[in-house]
Amino acid sequence: MDYGAEVGTIADHNRYRPSSTDGTLTITNVQLGDEKWYWCEGRNEADNVFGKAFFEVQMIPTFERSLNLNNTETREGNKAIMICQCEAKPNPKMRFHRVGYAAPYVNGVQPNDSRINIYEKPSSASHENQEIIPQEVVIEIENTTPNDTANYTCIAENSAGRNETTMIIIIQHQPNFDLTPPSLLTQCIWEEHPRNVTVLLSGFPQPSVSWARSDGKQISPDQTAFKQYFEPYWENGRRDEWMANLEINWEVTKGGIQGQYNPVGNYFPKASNNLGAVDFTINVVEAQLPGRVGGLNVTAKTAQSITLFARPPVEENCIPVIGFEIMYKLHGTNDVHQIALFPLDAGSSMKIDNLKSGSSYSVLVYARNERGRGEYSNSKIIETLQSTVPEVVSITSSTESLSNVSHQVVWEMPLDGGEPITQYLVSWREVGATVWNSREISSGSLWWTIPNLQPDTTYEVMVQARNRKGLSAKPNPPSTFRTRPGSTGPSAGRFSNLSLSVEIHYLVIIGVIGLFIILVAIDMICFCSRDWGLLACICTGTSSSPKHPVGDIISLDGADSVTTAGSRDPATHGQENKVYQ
């Protein structure tokens, strides 16, 4: 069997591997030049047959050869033009997507911004393969503003694949401090807390920032009381945003009270570049400790707990209150307890637990901010409630038993009435009976399995909690459950005292599942070590031949190629492909 192409007969060499036995021609490392007609001829003593097929090569979009992938800079108010060029086969669909926006731009004038127009066109550049015409997508922005500074992603895709690259439009403009939020207009400083006075600004080319003190004197970079920092602030992908910091060292400047410079007051940052300059003002104040808590009220109490509500101090301060702390003691004693911070973001409600019933407590509350603890509230005397029996116990277990001879009862821990629960009393009886059966259960358990029940029978059940004051009230009405149908037998007596009732047929099911898991494990071991399953592993004890990986092959159907001359099938540039004849 012979193979050929438009250029002549194909022989076996490094990229072409014709086969005379199975009618295939394999092409490795496919190149654009491989796109052509291919033919094959088969001969024997009876006759000759001839067939041909066209091999199409596709090219994923690429930006590597592009002549126009440069960032664009222009002054504010001018027109910005940015061109993205790519090469692909077939021709790609191209568009722009501004980074940070939800969806790509549509081609044409933008519905929400008529200043922006996007269009595609063939490029004037050429490619060594005449069938590839480089394509371009162009974005034009009229009357540019600083907000147009952003990263723009150029996207190109065709049937062979998708590719993208990111480009930047930068609008030159004089600096401004519009990025500085109102929360930074007043900033705090206090002892042993060096403060970074921060401003956010934009401007391009990169501006410089100088600082002046409230007395009008310039702050030089080499002053020990101050350190100056300047760095990009490109969180939004904009290359014209910056952050300037002035670190004020209180320990050096606090001598202002003794005649040196006072660190509090106004500071004046000034930003400038070749397009202009702008001044700004930041007020630096000394942070204060919180004032006295505005109000302290009791919102709830039990025999063992008190819940309080506090209002933050009303005084203005440059750092906020972050929470409250509590000090309390049993009235008439010196045994003081302190509770750590109650965060303000969790609300102003605070709970003190593990108190004695019927006792008076002296409570103080103070607010805390980042600098420290504020002034105590007025002392408040609060008395806990007298203890009582526990509240009614709620049963949460199912009304249908899993067993025909036992039932597991599950309940919730009730409020203890101000005294520790010492035990639970579980009581049950058949519906209609007059006598209750009872069992005392440890206070550490919230379930118990009732043994020796009759199949297919409805029972009443209740649980009561006991503390030093006595038993909780009986629920009205009690809960009910029904055992499963079935006869009692030896297994009933054997397993009735287990905490979880288990019947013989459950054990049989578990055994079968366990045996199945063991067989699967043995089968996997045999398969992984010998490429055989369990039976073959046991019976033969031999290994199979090794596995061979199959390559990723895109094929042309030889039968179609012979009967339908001129058919086309695509392949991708750089892959391995087979032509079947």
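Here are a few things to note about the model shown:
- Kirkwood Rh in Å, taken over segment 298-401 so that all alpha-carbon pairs contribute: 15.7 Å
- Taking every Cα-Cα distance in segment 203-247 and sorting them into 10 Å bins from zero, the calculated P(r) comes out as 25, 44, 25, 6 percent.
- Extreme residue, positive dipole direction of segment 350-494, given options Ser427, Tyr376, Ser403 (C-beta unit charges): Tyr376
- Cα coordinate range in segment 44-200, projected on the principal axes (Å, largest first): 105, 40, 28
- Since only Ala287, Gln304, Ala277 are under comparison, the one whose Cα sits farthest along the positive direction of the charge dipole of segment 271-337, derived from C-beta charges on Lys, Arg, Asp and Glu, is Gln304.
- Ranked order, Ile83, Ile441, Ile513, Ile522 - accessible area, probe 1.4 Å, largest first: Ile513, Ile522, Ile83, Ile441
- Gain upon complete extension [Thr422, Asn297; 0.36 nm per residue less C-alpha separation]: 41.7 nm
- Calculated FRET efficiency for the pair Ser438/Ile517, C-beta based, R₀ 56 Å, to 0.05: 0.80
- Between the amide H of Tyr361 and those of His331, Ile382, Glu383, Thr384, distances stay under 5 Å, these residues lying 5 or more places away or on another chain, with hydrogens modeled in the peptide plane.
- Heavy-atom accessible area per residue - segment 346-498, 1.4 Å, Å²: 53 Å²
- For Lys351, the residues 5 or more places off, or on other chains, whose built amide H falls under 5 Å of its own are Leu308.
- For Gln31, distant residues with modelled amide H under 5 Å away: Gly574
- In this structure, Gln338 and Arg468 have a Cβ-Cβ separation that, at R0 = 35 Å, corresponds to a calculated FRET efficiency of about 0.75.
- FRET E, pair Thr186, Lys79, Förster distance 41 Å, beta-carbon r, rounded to 0.05: 0.50
- Fully extended contour minus Cα-Cα distance, from Val392 to Ile133, at 0.36 nm per residue: 84.8 nm
- Label zone of Asn354 (point 7 Å out along Cα→Cβ, amide N under 19 Å): in segment 438-469 this covers 444.
- Rounded to the nearest Hz, the phi-derived 3J(HN,Hα) couplings of segment 397-405 under the Karplus curve 6.51 cos²θ - 1.76 cosθ + 1.60 (θ = phi - 60°) are 6, 5, 8, 10, 6, 8, 10, 9, 10, where x marks glycine and proline.
- Spacing of the two label points (7 Å from each Cα toward its C-beta) at Val106 and Leu446, in nm: 5.9 nm
- Residues in segment 285-319 reached by a label modelled at Ser362 [backbone nitrogen below 15 Å; 7 Å Cα→Cβ]: none
- Heavy-atom accessible area order for Val285, Val508, largest first, 1.4 Å probe: Val508, Val285
- Max-minus-min Cα coordinates of segment 350-480 on each principal axis give 69, 32, 23 Å, with the largest extent listed first.
- Estimated distance in nm for a label pair at Gln454 and Thr153, the labels positioned 7 Å out from Cα along Cα-to-Cβ: 7.4 nm
- Whole-angstrom gap from segment 138-210 to segment 20-93, using each part's C-alpha centre: 40 Å
- Approximating the spin labels as points 7 Å out from Cα along Cα→Cβ, the Arg17-to-Asn274 distance works out to 6.1 nm.
- Net length available on complete extension from Ile509 to Leu200 is 104.3 nm, with 0.36 nm assigned per residue and the Cα-Cα distance removed.
The values are calculated or read from the model by the stated rules, or taken from the named source; none is laboratory data. All values reported here derive from a predicted model rather than from experimental measurement. Ideal geometry is used to build each Cβ from the backbone, glycine not excepted, and the neighbour counts take in all protein chains shown. Surface areas here come from the heavy atoms of the whole protein model, side chains and all, with no ligands, DNA or RNA. Shrake-Rupley method; radii C 1.70, N 1.55, O 1.52, S 1.80 Å.
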